[in-house]
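Okay, structure first, notes after.
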Amino acid sequence: MLKITIDGHSTEVEEGTTILQAARKIGGEIVPPAMCYYSKLKGSGGKCRTCLVKVSKGSEKDPRPMPKLVASCSTPVQDGMEVQNITSPEVLETRKAIVEFLLINHPLDCPVCDQAGECDLQDLSFEHGVDTSRFEEGKREFDQIDIGENIKLHMNRCILCYRCVYTVNQITDGRIHGVLYRGDASEISTFIQNAITNDFSGNVIDVCPVGALTDRSFRFKSRVWFTRPMDAHRDCPKCSGKVTLWMSANDIYRVTARKDEFNEVEEFICNECRFEKKNAEDWIIEGPRTITRTSIISVNHYQKLKQGSIINPVAKKIEKPSE
Amino acid sequence: MGRKILLDKVHIPGISTFKVYRDNGGYTTAEKALKTMLPAEITEEVKKSGLRGRGGAGFPTGMKWSFLDTRSNNPRYLVCNADESEPGTFKDRYLIDNIPHLLIEGLIISSFALGANTTFIYVRGEFKPQIGILNRAIREAYENGFLGKNILGTTYSLDIYVQSGAGAYICGEETALLESLEGKRGNPRLKPPFPAVKGLYDCPTVVNNVETLATVVPIISMGGDEYAKIGVGRSTGTKLMSACGHIKNPGVYEIELGLSMEEFLYSNEYCGGIANDKKLKAVIPGGSSVPILPAHLVTLTAQNTSRSISYESLSDGGFQSGSMLGSGGFIVFDEDACIVRNTWNFSRFYHHESCGQCSPCREGTGWLEKVLHRIENGEGRMKDIDLLDSVAKKIEGNTICPLGDAAAWPVNSAIRHFRHEFEFHIEHPDIVKNIKHGSLEKYRTKNTKPRTKNTEITESL
Amino acid sequence: MALGYNIDHKLYQPEGKEVRFTDEVLEKVKKIIARYPEGRQKSALLPVLHIAQEELGGHLSVDVMNYVAQLLNIQPIEVYEVATFYTQYYLEKTGKYVIEVCRTGPCAMCGGEDIADYLERKLNIKTDETTADGLFTLRRVECLGACGYAPVMQINTEFYEFLTQEKIDQTIENLRARANEEKPKDSKWVEKFF
Ligand SMILES: Cc1cc2nc3c(=O)[nH]c(=O)nc-3n(C[C@H](O)[C@H](O)[C@H](O)COP(=O)(O)O)c2cc1C
Ligand code: SF4
Ligand code: SF4
Ligand code: FES
Ligand code: FES
């Protein structure tokens, strides 16, 4: 076991564990935000740089600090390592800059975005109070496209975390969408008009940290915070059948996989459960979802909430006087 | 000074062919290495030589080799980095054009030392003539028993293949290069794991620059200790400098490390001074990625000591008043050159070449370019200068690969040393809009003495 | 193809023509694939795309890319991802001669921009356009690794250095004169180079 201390909190982890995983084990506000890493997707992480932390002591054997900030999601723990996240002004300053970078080309269209209220980027920018007015040039723009009957791609919002690409690579057979072009012209696309049809393809919607991939059957029907998340299951021959239903009264607006406190799905679900079972009779409803980190505008404050305390994130944002 | 060990034979007619190269002592070092030395002995000599990577980072080559994971049962690979795309650098092209067998010989010795039986030369896609030259040289080496099965009757076998890139500066970064070699987009990998442990096809791999690998030949030929006597301090040996810009004699020069900047820039043996006898404004000494040096810091350091071409002397003063040797791309600006325009030009380059994987570089390089473009076109505001500086500093050090740093440093250093030019652009939009930059007219009058005739060499193929 | 935003998400219709390498070229391709370890045939993608571009119409159409995917037993999207990443793969029809003028710093400060402007005027096209007769496409590219011989350009596989307006005039004239030959003189670099 390796010992690691993050912002003064210590824990022991197995060899090969990353700093981020160790932080998640400790929990609370010292957990760095992760926009691209996804524990269920092999090879993910390292790209967004929001999880950068400072290693003030490399290890017991080699106590020198690391010269640069490191991506906590992809840096393995060494025995005796000491890490600063929220106790390092440098880390917080850099994180603010990273969020600014992520936002300069991001349309600030939260009021019309389906992801509003459960968007990691919205949470992050709120937490770090970033003012984007330093960027005065034009934002890049793409057309919205439908990739198949069920999924809408709004490329303007994409932060190129590559999660959706890893998802189709790892849980479906055959990939028809990917990352095209390069630099800030990179885009997620199918290149030629093509539909993602694989049985598990709908999971790309759940892994997307922003509103770039959304469920077409849900669009504009309701804002997230007007629906109530309910855990439910059904006997599904293709997947575990364990889902969250987003309901208003007795209507099912949307079906998603169940997400944990870090906004990661617990188990991937099949397209049939996600897109086709929209009647309450299709499901055995277990009760309200208890872990709803998505309803909190804060990446650093993961808490288990009791159902009913859903806050309207946009309203809160507006209340905050702009400096 | 002036000792040549890489380019000492380039003047011999036909040296690019196997026969002439062999007749002039070529491949005797490979024979010696394969027949009389153990792989570990070769690595030891390279270590003793103090050779540092010539691709830009200057990492000690012997040390890099000794990191190669030899416990794994996987095959090991050597990959030669011939992606040469750093603006200002054209030495690898020169070496391949003129004396390709030196590289092949270096590859044979190095592959043997590393226990690699397959070696790739990754050549940038634009170097089509060079791909042809290398393939011809490799074919000749096979025909003469220096490649293939049981080389020179030993138990050692080696295949060398040329792989072509297709237009992407980032593929010069070693892990992006490996991705590209695997047929993928050139996205740099996260490190660790380093290529020495998990490189090409997840096997232990060493990536070295063309010049580095060619230098292995004279090192093994004369011995590491002897090589270490050349040069100065920890900058041992010779270095190929690619000199370009507003100088009288642009071209590739082999210099002994420690040569003074004064001599390199002004003597007729090398750059020959500033074209048209203009005054010097600035020099970028190691390729577009390294900080720019204003005239007063070119031949002297901030402490008024003489500056020479070595890893240490060029970085004397850190980023405040120094720069880096980098890849040895020596770009000279005369008094009429516009630093703002050039900074914008380089920013456009990095913006265009970012792979787009990580957010600071993907978004930041575009931002820098846009702001610089505005200033350069007379539409800037005073606060833009600090904005540029701050954006560049937020990119630096926060990215997956060093391209982010490479995009940031030119901007930071240009602002540090030439802030007045930025201010001038902002204060005088009318003047700025009408400047004609780097016009051909002006350049035509200059007395250029080309040191190579690429076209002739490649047309003789 | 310059990098640009908003690339068409076009409805793909096969062109109907059979896309296939000749047996001779196919032989070459197989040899290239054989260089790599078992199961790593994707490594051949970059070289094979160069060959495909050369042999199958001067640019990479969707049909051509799909054909390459099938040859290498990979998904078509893997080919699109790579073809759009690298600047030397042309996704749209180009002229017989693709003129690539270096636009980066060292060339630009020695007249590279003048050269490209002059070519625009001379050929009466803008950068990234093709002349009406289908002969020339003009592109501005990044550093070609020949900065000491600035200004430089590359036309297909041939390299031109220390450019002047007179040199350009002469080069264009020569190319026009030999344009009627089947293929550009040195287009068979596949033969020579792989
Ligand atoms: C953006 C970028 C571009 C690079 N381009 C090249 C290149 O064109 N040629 C090269 O030899 N090294 C290049 N390098 C350096 C390589 O990553 C690597 O350090 C080098 O090939 C190692 O060889 P050496 O130790 O022999 O120098 C580049 C690095 C970066 C970050
Ligand atoms: S579409 Fe969403 S999941 Fe895919 S890369 Fe973009 S942000 Fe990530
Ligand atoms: S720094 Fe730039 S080039 Fe390097 S990995 Fe990040 S985006 Fe790609
Ligand atoms: S979560 Fe670590 S870099 Fe994105
Ligand atoms: S800048 Fe034109 S070749 Fe390097």
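Set the Förster distance to 25 Å, then compute FRET efficiency between A:D260 and A:I285 from the Cβ-Cβ distance, nearest 0.05.
Once rounded, the FRET efficiency stands at 0.80.
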Q | Candidate aspartates and glutamates for bridging to C:K30, where Cα separation is under 18 Å - those fewer than 8 sequence places away on the same chain excluded | A | B:D159, B:E182, C:E38, C:E54, C:E55, C:E191
Q. Efficiency by 1/(1 + (r/R0)^6): what FRET value for A:H9 and B:R416, r their Cβ-Cβ distance, R0 = 51 Å, to the nearest 0.05?
A. 0.80
Q: Select from region C:73-107 all residues whose loss of accessible area on going from the chain by itself to the full protein assembly reaches 50 Å² or more (probe 1.4 Å).
A: C:I77, C:Y80, C:E81, C:T84, C:F85, C:Y86, C:T87, C:Q88, C:R103, C:P106
Q) How big is Rg to Rh over chain B, alpha-carbon atoms, Rh as the Kirkwood inverse-mean-distance radius? A) 0.97
Q: Translational diffusion coefficient, Stokes-Einstein: compute it for region A:106-215 using the Kirkwood radius over C-alpha pairs as Rh, at 4 °C and 1.567 mPa s, and state it as an integer in µm² s⁻¹.
A: 88
**Q.** In nm, spacing of pseudo-spin labels at B:N150 and C:N73 (7 Å Cα→C-beta vector)
**A.** 3.3
Q | Options B:F333, B:V298, B:N345, ranked by Cα towards positive dipole end of region B:298-351, top entry (Cβ charges) | A | B:N345
Q. What's the center-to-center distance, using Cα atoms, between region A:114-129 and region B:88-146 in Å?
A. 52
Q) For chain A, what is Rg from Cα atoms divided by 2.2 N^0.38 Å, rounded to two decimals? A) 1.00
Q.
Quick check for me: using +1 on Lys/Arg Cβ and -1 on Asp/Glu Cβ, what's the dipole size of chain A about its Cα centre, in debye to the nearest 20?
A. 80
**Q.** region B:232-334 - Rg (one decimal) and Dmax (whole number), Cα, Å
**A.** 12.0, 36
Q: Only helices at least 20 Å long along their axis, Cα-based, and averaging -0.5 or more on Kyte-Doolittle count here, so list those DSSP H runs from chain B.
A: B:100-114, B:382-395, B:403-427
Q | Helix-derived mean residue ellipticity, 222 nm - over the protein assembly as shown, DSSP H n ≥ 4, -39500 (n - 2.57), to 500 | A | -10000 deg cm²/dmol
Q: Jot down the per residue volume, in cubic angstrom and as a whole number, of the convex hull over the alpha-carbon atoms of region A:32-82.
A: 78
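Report the C-A buried area as the accessible area lost on both sides summed, probe 1.4 Å, in Å² to the nearest 100.
That pair hides around 2200 Å² of surface in total.
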Q) Classify region A:2-101: rounded, prolate or oblate, from the alpha-carbon gyration tensor (a ≥ b ≥ c, eigenvalue square roots; a/c under 1.5 rounded; otherwise prolate if a/b is larger than b/c)? A) oblate
Q.
Order B:61-73, C:17-29 from most to least packed using the mean count of other Cβ atoms within 10 Å.
A. B:61-73, C:17-29
(Q) Given a 1.4 Å probe and heavy atoms of the protein chains only, how would you sort B:E174, C:E15, B:E84, largest accessible area at the top? (A) C:E15, B:E174, B:E84
Q) Quick one: if you stick a label point 7 Å off each Cα along the C-beta vector at B:K436 and B:K278, how many nm between them? A) 1.4
Q. Any idea how far apart B:H428 and B:Q303 come out in nm if each label point goes 7 Å out from Cα toward Cβ?
A. 3.8
**Q.** Other-chain or far-sequence residues with amide H under 5 Å of B:R76's (modelled H)
**A.** B:N117
Q.
Students often get this wrong, so check it: of A:K96/A:K152; A:K47/A:K96; B:K383/C:K126; B:K278/C:K167, which have C-alpha atoms separated by over 23 Å?
A. A:K96/A:K152; B:K383/C:K126; B:K278/C:K167
Q.
At 0.36 nm per residue, and after removing the present C-alpha to C-alpha distance, how many nm does the segment from B:T36 to B:D23 gain when stretched out fully?
A. 2.6 nm
Q) For region C:97-177, what number results from the quotient of the Cα radius of gyration and 2.2 N^0.38 Å? A) 0.98
Q.
Please report, in whole Å³, the volume per residue of the convex hull around the C-alpha atoms of region C:1-91.
A. 94
Q) Which whole number of Å³ per residue matches the convex hull of the alpha-carbon atoms in region A:1-49? A) 80
Q: Could you run the Debye sum over the Cα atoms of region B:274-432, one equal point scatterer each and no solvent, and tell me log10 of I(q)/I(0) at q = 0.11, 0.18 Å⁻¹, two decimals?
A: -0.42, -1.09
Q: Any chance you could list P(r) for region B:18-229, counting all Cα-Cα pairs in 10 angstrom bins from zero, rounded to whole %?
A: 9, 37, 39, 14, 0
Q) Sequence-distant or interchain residues sharing an amide H contact under 5 Å with A:L213, placed H: which? A) A:H154
Q. Rounded to a whole number, what % of the accessible area of region A:2-101 do carbon and sulfur atoms account for, probe 1.4 Å?
A. 49
**Q.** Hydrodynamic radius of region A:224-298 per Kirkwood, over alpha carbon pairs, in Å
**A.** 12.4
(Q) What's the whole-number percent of alpha carbon pairs in region B:339-443 lying beyond 20 angstrom? (A) 36
Q) Which of the listed residues, A:A71, A:Y38, A:Q84, is farthest toward the dipole's positive end in region A:2-101, when Lys, Arg count +1 and Asp, Glu count -1 at the beta-carbon? A) A:Y38
Q: Please report the orientation-averaged projected area of region B:1-87, defined via the convex hull of its C-alpha atoms, in nm².
A: 8.7
Q) Which translational diffusion coefficient, to the nearest whole µm²/s, is obtained for the protein assembly as shown from the Stokes-Einstein equation, given a Kirkwood hydrodynamic radius over C-alpha pairs, 10 °C and 1.306 mPa s? A) 53
**Q.** FRET efficiency, C:D169 to C:E24 (Cβ-Cβ, R0 35 Å, nearest 0.05)
**A.** 0.40
(Q) Just want the answer: with Cβ charges of +1 for Lys and Arg and -1 for Asp and Glu, which residue in B:G317, B:G55, B:G106 is farthest toward the dipole's positive end in chain B? (A) B:G106
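The values are calculated or read from the model by the stated rules, or taken from the named source; none is laboratory data. What you see is a predicted model, and the numbers here were worked out from it, not measured in a lab. We place every Cβ from the backbone using ideal geometry, glycine too, and count neighbours over all the protein chains shown. The area values use the complete protein model at the heavy-atom level, side chains included, leaving out ligands, DNA and RNA. Shrake-Rupley method; radii C 1.70, N 1.55, O 1.52, S 1.80 Å.
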